[in-house]
1. May I ask you to list the residues in segment 56-82 that are modelled with pLDDT of 95 or more, within 19 Å of L27 (Cα to Cα) and open to solvent by 30 Å² or more (accessible area, probe 1.4 Å)?
2. Being outside any loop (DSSP other than H, G, I, E, B) and small (G, A, S) is the filter here, so list the residues in segment 59-82 that pass it.
3. Of all residues in segment 56-103, how many are among the basic types (K, R) and under 14 Å from the mean Cα position of the chain (by Cα)?
4. Just for segment 83-109: of the residues that are touching a residue at least 40 places away in the same chain (Cβ under 8 Å) and part of a loop (DSSP other than H, G, I, E, B), which one is surrounded by the most Cβ atoms within 10 Å (Cβ to Cβ)?
5. Can you name the number of the only condition in (1) out of contact with any Phe, Trp or Tyr (no Cβ under 8 Å at 6 or more places or on another chain); (2) under 19 Å from F107 (Cβ atoms); (3) part of a loop (DSSP other than H, G, I, E, B) that L53 fails?
6. List every residue pair whose Cβ atoms sit under 6 Å apart, with the two residues 6 or more apart in sequence or on different chains, where the first one lies in segment 39-50 and is under 19 Å from R66 (Cβ atoms) and the second, anywhere, is surrounded by 10 or more Cβ atoms within 10 Å (Cβ to Cβ).
7. Among the residues of segment 1-55, which ones are among the polar types (S, T, N, Q), exposed (fewer than 11 other Cβ atoms within 10 Å of the Cβ) and over 17 Å from N75 (Cα atoms)?
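The values are calculated or read from the model by the stated rules, or taken from the named source; none is laboratory data. Every value quoted in this text rests on a predicted model; they were computed, and no experiment measured them. Using ideal geometry, Cβ is built from the backbone for each residue, glycine included, and neighbour counts are taken over all protein chains shown. For the accessible areas, the whole protein counts, side chains as well, though only heavy atoms, and no ligand, DNA or RNA atoms are used. Shrake-Rupley method; radii C 1.70, N 1.55, O 1.52, S 1.80 Å.
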Amino acid sequence: MNPNRYLERMGLVEPLFHSVEHDLETLQRLHRQHLMRVPFENLDIHLKRRFTLDAPALYDKIVERRRGGFCYELNGAFAWLLRELGFHVSLLSARVIGKDGRPGPGFDH
């Protein structure tokens, strides 16, 4: 993981890796930039390509190959970046509520 390259992928040339403040304002800025600059895309799923949630593979896809990803890919890569920047990260799961009002399967998002 090269945090500076990831930050550049997000359109941030500053703050660089060693000068990131660990406050709510910085976290909000990082999150906003990630949402705006790293797109959601699920092409690999529709093309029936194999994928992995291995952190280095996610970094390669999103940063080096400048692709987007689906929820697990984006959240996993971003969580790794935040940890590298010194933030404490807890990943949570979510469910999608169906048209019938019932929750879908666990760990669906």
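1. Passing the criteria: only W80.
2. So the first thing to find is which residues in segment 59-82 are outside any loop (DSSP other than H, G, I, E, B), and the list is 59-64, 69, 71-82.
G69, G76, A77, A79 - these are the residues of segment 59-82 that are outside any loop (DSSP other than H, G, I, E, B) and small (G, A, S).
3. Final tally of qualifying residues: 4.
4. Keep residues of segment 83-109 that are touching a residue at least 40 places away in the same chain (Cβ under 8 Å), which gives 84-87.
Adding the requirement that they be part of a loop (DSSP other than H, G, I, E, B) leaves 85-87.
Working: L85: 20, G86: 12, F87: 14.
Filtering first and then ranking leaves L85.
5. Only one criterion is unmet by L53, namely (1).
6. P39/G68; F40/G68; E41/G68; N42/F70; D44/F51
7. Residue satisfying the conditions is S19 alone.
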